Amino acid sequence: MAQTQGVSLTYRYLRVGIVAMVLALFAALALQISTDHAAAAPGQEWWLSAISTYFYTPVQSIFVGVLVGVGLCLIAIKGRSGGEDVLLNFAGMLAFLTAVVPTPLRPDACAGEPYCLEVSERVANNVGALLIAGTAVLVLATWPRRRDLLRSEGWDLWATWLAGVAVAAWHLAWPVSFVGWAHYVAAALLFGCLIAVAWVNGRDTSVTSGPDERTRGMSQAGYRRAYRAIAVTMLTVLVVGLAGYFGVRATDGTLPAQSVFLVEALLLLAFAVFWVLQTIEFWEIGLPAKARA
């Protein structure tokens, strides 16, 4: 019993940590926007067009730290065997990539701003470090399951290795393209993984495994409805945002001010709501039954 309670506490802290870090990011953004608004001259732009662009402001440390911290928590949290666990691991790795490869800016937008200097060098260093550390971790994770590589059970290992090779190849063979697009691709795939995780939670009818286990808050049916609604909301926002972005690029148009910021904020808010509900639901039992099997 003590060991079970310890496991539950560990996952509780991980989930609370995710919620706290997202709150810290929103707080840092609000403080910076307020500061910029107070310092702006009449008619001067004071609200950046995207959350990702705040990488180039004093928000940078919180932005990078939150994404790396959330990535670690997502990897550490054990999901349901098979699909959800792999989705959480991929989401964590994509969060790392989103953190260290900033959204690109025009060269003239970085004049005199120290946060903009040497972006390519930063990306080369940081992504190289992630690839080295990630390879070491993958070797350690693969060795005990090396026989699974020859069986269907090893599909998650193959998928992870192939993803790592794809990132390394893109980074090394086409560095200019990588700096220009890796942030967008990683962020879109990250939210795609989180949408799938929310949907998986919305379909699981066996969260508890015995009569002594209880979830907090709503009924299990209520949680499932909420998770499905969150998944549909996030998917709708993501699809509309991507369609609008590429549609405007294809027609050489201009995006409405702060439209990307709004899309990112809505996705982050839905993500935060999902993890708040997860934290409440699994407060006592730590993990759903299928993740403990």
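The values are calculated or read from the model by the stated rules, or taken from the named source; none is laboratory data. In this text the structure is predicted, and so the values were computed from the model without any measurement. Here Cβ is always computed from backbone atoms with ideal geometry, including for glycine, and neighbour counts include all displayed protein chains.
Answer yes if at least one residue in the range 70-83 is within 15 Å of E264 (Cβ to Cβ) and either without any contact (Cβ under 8 Å) to a residue 24 or more places away in the chain or assigned to a loop (DSSP other than H, G, I, E, B) (or both), and no otherwise. Lay out the reasoning, then the answer.
Here is the first cut: in the range 70-83, the ones within 15 Å of E264 (Cβ to Cβ) are 70.
If we keep only those that are either without any contact (Cβ under 8 Å) to a residue 24 or more places away in the chain or assigned to a loop (DSSP other than H, G, I, E, B) (or both) too, we end up with none.
No, because not a single residue in the range 70-83 is within 15 Å of E264 (Cβ to Cβ) and either without any contact (Cβ under 8 Å) to a residue 24 or more places away in the chain or assigned to a loop (DSSP other than H, G, I, E, B) (or both).
Which residue is nearest to G71 (Cα to Cα), if the candidates are limited to the range 134-174 and must be surrounded by 15 or more Cβ atoms within 10 Å (Cβ to Cβ), among the small types (G, A, S) and touching a residue at least 24 places away in the same chain (Cβ under 8 Å)?
Applying the filter and picking the extreme gives G134.
Report those helices (runs of 4 or more DSSP H) wholly inside the range 175-293 carrying at least 2 residues which are within 26 Å of A99 (Cβ to Cβ) and in contact (Cβ under 8 Å) with a residue 60 or more places away in the chain. I'd like the intermediate steps shown before the answer.
Details: elements: 175-203, 220-250, 259-281, 289-292.
In the range 175-293, 175-203, 259-281 are the helices (runs of 4 or more DSSP H) which contain 2 or more residues that are within 26 Å of A99 (Cβ to Cβ) and in contact (Cβ under 8 Å) with a residue 60 or more places away in the chain.
Is there any pair with a first residue in the range 39-63 that is touching a residue at least 40 places away in the same chain (Cβ under 8 Å) and a second that is in a loop (DSSP other than H, G, I, E, B) and of a type in the set (D, E, K, R) whose Cβ atoms are under 9 Å apart and which are 6 or more apart or on different chains, and what are they?
Sorted first by the residue in the range 39-63, then by its partner, the pairs are Y56/E113; T57/E113.
For the range 249-286, name all the residues that are surrounded by 19 or more Cβ atoms within 10 Å (Cβ to Cβ) and at pLDDT below 90.
Residues satisfying the conditions are V260, I285, G286.
If I filter the range 30-49 for residues that are within 30 Å of I280 (Cα to Cα), out of contact with any strand residue (DSSP E or B) (no Cβ under 6 Å at 6 or more places or on another chain) and charged (D, E, K, R), do I get at least one hit? So that I can check it myself, show each step before the final result.
Of the residues in the range 30-49, the ones within 30 Å of I280 (Cα to Cα) are 30-31.
Narrowing further to those that are out of contact with any strand residue (DSSP E or B) (no Cβ under 6 Å at 6 or more places or on another chain): 30-31.
Still in the list and also charged (D, E, K, R): none.
No, the range 30-49 has no match at all.
Do you know which residues across the range 33-54 are part of a helix (DSSP H, G or I) and either surrounded by fewer than 18 Cβ atoms within 10 Å (Cβ to Cβ) or in contact with a Leu (Cβ under 9 Å, 6 or more places away or on another chain) (or both)?
Filtering the range 33-54 down to residues part of a helix (DSSP H, G or I) leaves 33-39, 51-54.
Listed by number, the residues that qualify are I33, S34, T35, D36, H37, A38, A39, I51, T53, Y54.
Every residue in the range 138-178 that is under 26 Å from Q60 (Cβ atoms) and not small (G, A, S), please.
Scanning the range 138-178 gives V167, W170, H171, L172, W174, P175, V176, F178.
Let's see how each residue does on (1) within 14 Å of the chain's Cα centre (by Cα); (2) modelled with pLDDT of 90 or more; (3) of a type in the set (S, T, Y):
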residue: Y56; (1), (2), (3): no, no, yes
residue: F63; (1), (2), (3): yes, yes, no
residue: I75; (1), (2), (3): yes, yes, no
residue: R80; (1), (2), (3): no, yes, no
residue: N89; (1), (2), (3): yes, yes, no
residue: A111; (1), (2), (3): no, no, no
residue: N126; (1), (2), (3): no, yes, no
residue: L140; (1), (2), (3): no, yes, no
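Of the residues in the range 23-54, how many are within 14 Å of L268 (Cα to Cα) and modelled with pLDDT under 95?
Qualifying residue count, the range 23-54: 3.
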